[in-house]
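The values are calculated or read from the model by the stated rules, or taken from the named source; none is laboratory data. Keep in mind it's a predicted model, so treat the numbers as computed, not measured. Please note: Cβ atoms are built from the backbone with ideal geometry, for glycine as well, and neighbour counts cover all protein chains shown. Surface accessibility is based on the protein's heavy atoms, side chains included, excluding ligands, DNA and RNA. Shrake-Rupley method; radii C 1.70, N 1.55, O 1.52, S 1.80 Å.
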Amino acid sequence: QVQLVESGGGLVQAGGSLRLSCTASGSIASISAMAWYRQAPGKQRELVAAITSGCSTNYVDSVKGRFTISRDSARNTVDLQMNSLKPEDTGLYYCKAEGLLTGWGLRSDYWGQGNQVTVSS
């Protein structure tokens, strides 16, 4: 059974920093890409940042220059360093493992449970 467990959310003032971490556990052979999504109240879930197995990264325009995504493929972890946080960054942040190949040869996408990030003005 594959699980994604997130940590690191919380409450911070505008201009502050937070670091989110996500660890995938279980029988995992490989993960094609890992990503962070967020969902603000009343809005659709959006991609925040993604990183491939070759460490190519992609960011939504609103976080470029402020957020940094990184991964440790050997440990199946992905982190999101968030600096210069703004109130509009508030939301539920989800970790996603894309194209995860299990030890049984099955490939699928997996989501974490979500972690709240609240930025006060």
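Would you confirm, using the coordinates I've provided, whether residue 94 is in a strand (DSSP E or B), closer than 16 Å to residue 60 by Cα, in contact (Cβ under 8 Å) with a residue 60 or more places away in the chain and under 17 Å from the mean Cα position of the chain (by Cα)? Explain how you work it out, then say what you get.
Working: in a strand (DSSP E or B): yes; closer than 16 Å to residue 60 by Cα: yes; in contact (Cβ under 8 Å) with a residue 60 or more places away in the chain: yes; under 17 Å from the mean Cα position of the chain (by Cα): yes.
In short, yes.
Within the stretch 9-46, count every residue that is of a type in the set (A, V, I, L, M) and surrounded by 15 or more Cβ atoms within 10 Å (Cβ to Cβ). Reasoning before the result, please.
Step one: filter the stretch 9-46 for residues of a type in the set (A, V, I, L, M), giving 11-12, 14, 18, 20, 24, 28-29, 31, 33-35, 40.
Still in the list and also surrounded by 15 or more Cβ atoms within 10 Å (Cβ to Cβ): 12, 18, 20, 24, 28, 31, 33-35.
Qualifying residue count for the region: 9.
Where the second residue is β-branched (Val, Ile, Thr) and open to solvent by 60 Å² or more (accessible area, probe 1.4 Å) and the first is in contact (Cβ under 8 Å) with a residue 24 or more places away in the chain and lies in the stretch 9-26, which pairs have Cβ atoms under 6 Å and are six or more apart or on separate chains?
Cβ pairs passing all conditions: 23/5.
Could you check residue 75 against (1) touching a residue at least 40 places away in the same chain (Cβ under 8 Å); (2) basic (Lys, Arg); (3) surrounded by 14 or more Cβ atoms within 10 Å (Cβ to Cβ) and say which number it fails?
For residue 75, the failing item is (3).
What number of residues in the stretch 99-110 are buried (at least 16 other Cβ atoms within 10 Å of the Cβ) and either without any contact (Cβ under 8 Å) to a residue 60 or more places away in the chain or within 20 Å of residue 80 (Cα to Cα) (or both)?
2
So in the stretch 78-91, with the set limited to residues that are without any contact (Cβ under 8 Å) to a residue 60 or more places away in the chain and not in a strand (DSSP E or B), which one is least open to solvent (accessible area, probe 1.4 Å)? Break it down stepwise before answering.
Let us first name the residues in the stretch 78-91 that are without any contact (Cβ under 8 Å) to a residue 60 or more places away in the chain, namely 78, 88-91.
Add one more test, that the residue is not in a strand (DSSP E or B), and what stays is 88-90.
Details: 88: 125, 89: 1, 90: 34 Å².
Among those residues, the one meeting the criterion is 89.
When the stretch 34-71 is examined, which residues are found to be without any contact (Cβ under 8 Å) to a residue 12 or more places away in the chain and in a strand (DSSP E or B)?
Within the stretch 34-71, 58, 59 meet the criteria.
If I ask for residues that are of a type outside the set (A, V, I, L, M), surrounded by 14 or more Cβ atoms within 10 Å (Cβ to Cβ) and under 22 Å from residue 5 (Cα atoms), which ones from the stretch 60-72 would you list?
Of the residues in the stretch 60-72, the ones of a type outside the set (A, V, I, L, M) are 61-62, 64-68, 70-72.
Those still in the list that are surrounded by 14 or more Cβ atoms within 10 Å (Cβ to Cβ) too: 66-68, 70-71.
Selection gives 67, 68, 70, 71.
I need the full set of residues from the stretch 1-23 which are assigned to a strand (DSSP E or B) and over 30 Å from residue 103 (Cβ atoms), in order please. It would help to see each step written out before you state the result.
Step one: filter the stretch 1-23 for residues assigned to a strand (DSSP E or B), giving 3-7, 10-13, 18-23.
Correct list: 10, 11, 12, 13, 18.
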